[in-house]
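The values are calculated or read from the model by the stated rules, or taken from the named source; none is laboratory data. None of the values given here were measured: they were computed from a predicted structure. Counting neighbours? That spans all protein chains shown, and the Cβs are built from the backbone with ideal geometry, glycine included. To get the accessible areas, we keep the full protein, side chains included, count just its heavy atoms, and leave off ligands, DNA and RNA. Shrake-Rupley method; radii C 1.70, N 1.55, O 1.52, S 1.80 Å.
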Amino acid sequence: CNVYRSSFYLMKHAAGQPEPNDGDLYCGIRALNFHATNKLLAGATPQDRNAFVGCDFGISVRNTMSLEARYNYVRDARLRGISGEENPSVTIDIINNEINSYNPNAWGIFMKNYAGSVVTINNNRINLTAPSPNTSRLAAGIYVSNVTAASVTTTVNSNLINNSLYGIWAINVPNTDIKSNTISMNYTDAEIISLATGYVPIRGIAVENSS
């Protein structure tokens with residue numbers, strides 16, 4: 001399935017209402033696969049990019065769905081910019097996307113439970129338009145994890161990440177290559193105190209049970 005040159009606005013749950021258990025119900029592009037492996041191609045070139053504004057999720061793939069996401073623009077992501085869950089033995093390429101959010105509960109790129117898959121996250125620009133002074137931050141710029149250590153191949157290279165409590169966070173992802181990323185935490189001392197209160201410390205790259 002190819003999706004390009006499309007715009008998505010305010011695909012979100014109602015203000016004051018709890019987030020749904022299946023969080024990506026409010027999403028610009030949601031692709032699920034329960035049978036043979038299929039692939040979502042979202043964007044391809046700068047001219048073919050998709051735009052997502054004010055959506056809970058920009059792009060979400062689940063249940064053994066391959067993904068190629070290139071040159072998409074996500075602004076004010078409320079929960080996740082580009083997300084993938086429960087995708088074993090697939091190929092996921094997330095390259096040259098721009099993702100911005102001022103929501104402290106949001107994640108830029110979120111990949112969880114992808115045993116046997118090959119995941120490439122390269123040359124993305126995450127949260128580079130944060131306001132000044134910095135009144136908010138992302139929970140994590142790039143998050144890759146499995147419930148238990150699984151055989152995966154993960155590449156996270158040459159991304160620009162700004163104002164995230166975790167720049168890159170990897171859990172249970174052996175065979176991971178993280179290099180040439182630029183992670184900036186542009187906070188004053190007062191802003192650090194305000195933003196980190198009651199939360200984990202600020203970390204550029206956090207790696208747990210991974211190699």
Q: Sorted from largest down, give the three principal axis spans of the alpha carbons of segment 49-165, whole angstrom values.
A: 42, 29, 25
Q: Measure off, as a whole percent, the carbon and sulfur share of the 1.4 Å-probe accessible area of the chain, all protein chains present.
A: 50
**Q.** Solvent-accessible heavy-atom area per residue, rounded to whole Å², over segment 1-99 at 1.4 Å
**A.** 47
Q) Around VAL152, what is the net charge, scoring Lys/Arg as +1 and Asp/Glu as -1 over all other residues with Cβ under 13 Å from its Cβ? A) 0
Q: Measure off 7 Å from each Cα along the Cα-to-Cβ vector at SER89 and GLN47, then give the distance between these two points in nanometres to one decimal.
A: 3.9
Q) Looking only at chymotrypsin sites (Phe, Trp or Tyr not before Pro) in DSSP loops with at most 15 other Cβ atoms within 10 Å, what is the longest site-free stretch of the chain? A) 35-198
Q | Alpha-carbon Debye profile of segment 8-90, log10 I(q)/I(0) at 0.10, 0.22, 0.25 Å⁻¹ | A | -0.24, -1.00, -1.17
Q: Would you tally the net charge around ARG5, using a Cβ to Cβ cut-off of less than 10 Å, leaving ARG5 out, and scoring K and R as +1, D and E as -1?
A: 0
Q: Treating cross-link reach as a plain straight distance, find the lysines whose alpha-carbon is under 23 Å from the alpha-carbon of LYS12, omitting any fewer than eight places away in the same chain.
A: LYS112
